[in-house]
Amino acid sequence: MIKTHNLTKEFTTTVAVKDLELNVDNGEIYGFLGPNGAGKTTTIMMLLGLEKPTAGSIEVFGKPLDKNYFEIKRKVGVVSENQYFYGEMTAWEYLNFFGRLYEVDEREKKIKALLERVKLYHRRNEMLLGYSHGMKQKIAIARALLHDPDLLILDEPQNGLDPYGIRDIRDIIGEENAKGRTVLISSHILSEIEQLCTRVGILSKGRLVAEGPLDIVKTKVQPDTTLIVEIENLTDAIKDKLASEPYVKKMQVEENKLILSVDREGDYRAQVARIINENSGLVVGMQTKTYSLEEAFIKITESSLESLIKEGTA
């Protein structure tokens, strides 16, 4: 669906994107992540044909973007981070204007359905000038869907929304993907990315430093499973026996707790509990700790930044 090769964008004093190899598969929801200044927005601007790459190439729908820009543009719905709205138009007039630009069939029927979907039909005749930021975000989503695009490129689509609005947009993105639409979404709300996306790519200083399914990306920072075991009567025999088990990679002791790094390929909770019981201990509690996407994101980007500084390229 989207494929870049050695995509690079240089400004006068900055390399914003460097040798980017981005692949977004047909029908997936791809989370495009990175800290501020990582190059995400610059990349998105190039994918939309609004910035010209310094080097490299972009293909969308299997066709070179630079040679098929207008054909591709008609199949893409966009919500950009910084959007301009015609404030003296009503929501209905605004969507009707874009519906005519895209020559949308049954235009008014679709506009009505979309306004109802984003819960703004009752305010369709109010000027956008009086809309809140969150309401404008919903209108932007409606506009992006109006011409039934095959690809959605969403840059911070939930920015400025309250929890209800965030949930509404999440549901809409999921519904559109279920219809077969491909979605590339950039967001700082990592909990939403974790709920929505099938794969993620993490950008740092213009370079793609991690990419893959969420579980694989998390594995980069947590190669083993962590078991936290609270024990009554934690004896040296328990510690020695567990430390000798081949699946235990590392063990920490914190008062009456053992923090065990174990081989992620198996479920060793029953074995751990049995060893504790056989050595006069009692398991009070046991939990498996896994990294959230936010924790993985921070560790990966911090690690990549340290590497780039050592290389002298950051």
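The values are calculated or read from the model by the stated rules, or taken from the named source; none is laboratory data. Being a predicted model, the structure only gives us computed values, none of them experimental. No Cβ is skipped: glycine too gets one built from the backbone with ideal geometry, and neighbour counts run over all protein chains shown.
Within the stretch 48-63, track down each residue that is more than 22 Å from Ile185 (Cβ to Cβ) and touching a residue at least 24 places away in the same chain (Cβ under 8 Å).
Within the stretch 48-63, Thr54, Ala55, Gly56, Ser57 meet the criteria.
So if I check each of Ile193, Ile173, which one is outside any strand (DSSP E or B), touching a Pro at 6+ places or on another chain (Cβ under 9 Å) and touching a residue at least 40 places away in the same chain (Cβ under 8 Å)?
Answer to the check: Ile173.
Is there a residue being in contact (Cβ under 8 Å) with a residue 60 or more places away in the chain and either assigned to a helix (DSSP H, G or I) or assigned by TED's automatic domain parsing to the domain that holds Ile29 (or both) anywhere in the stretch 163-170?
Within the stretch 163-170 (the criterion being in contact (Cβ under 8 Å) with a residue 60 or more places away in the chain and either assigned to a helix (DSSP H, G or I) or assigned by TED's automatic domain parsing to the domain that holds Ile29 (or both)), the answer is no, since none of the residues qualifies.
Return only the number of the condition from (1) under 21 Å from Gly27 (Cα atoms); (2) in contact with a helix residue (DSSP H, G or I) (Cβ under 9 Å, 6 or more places away or on another chain); (3) at pLDDT 95 or above that His122 does not satisfy.
(1)
When only residues in the stretch 64-95 that are surrounded by fewer than 15 Cβ atoms within 10 Å (Cβ to Cβ), over 25 Å from the mean Cα position of the chain (by Cα) and hydroxyl-bearing (Ser, Thr, Tyr) count, which is modelled with the highest pLDDT?
It comes out as Tyr86.
Would you please name the residue that is farthest from Ala142 (Cα to Cα), looking only at residues in the stretch 96-114 that are surrounded by fewer than 18 Cβ atoms within 10 Å (Cβ to Cβ) and in contact with a Phe, Trp or Tyr (Cβ under 8 Å, 6 or more places away or on another chain)?
By that ranking, first place goes to Phe97.
Got a number for residues in the stretch 231-243 being farther than 11 Å from Leu260 by Cα and either outside the structural domain of Ala270 (by TED's automatic domain parsing) or under 40 Å from the mean Cα position of the chain (by Cα) (or both)?
The total comes to 1.
Would you confirm, using the coordinates I've provided, whether Ile185 is assigned to a helix (DSSP H, G or I) and either in contact with a strand residue (DSSP E or B) (Cβ under 7 Å, 6 or more places away or on another chain) or surrounded by fewer than 22 Cβ atoms within 10 Å (Cβ to Cβ) (or both)?
So Ile185 does not fit the description; no.
Which of the residues belonging to the stretch 224-263 are touching a residue at least 24 places away in the same chain (Cβ under 8 Å), exposed (fewer than 13 other Cβ atoms within 10 Å of the Cβ) and farther than 15 Å from Gly285 by Cβ?
Lys250
Tally up the residues in the stretch 225-264 that are at pLDDT 90 or above, part of a strand (DSSP E or B) and β-branched (Val, Ile, Thr), please.
6
Taking Ser57 as the residue in question, decide whether it is closer than 27 Å to Asn26 by Cβ, touching a strand residue (DSSP E or B) at 6+ places or on another chain (Cβ under 6 Å), surrounded by fewer than 15 Cβ atoms within 10 Å (Cβ to Cβ) and not hydrophobic (A, V, I, L, M, F, W, C).
It is true that Ser57 is closer than 27 Å to Asn26 by Cβ, touching a strand residue (DSSP E or B) at 6+ places or on another chain (Cβ under 6 Å), surrounded by fewer than 15 Cβ atoms within 10 Å (Cβ to Cβ) and not hydrophobic (A, V, I, L, M, F, W, C).
Out of Val209, Val217, I need the residue that is buried (at least 22 other Cβ atoms within 10 Å of the Cβ) and modelled with pLDDT under 90. Which one?
Val217
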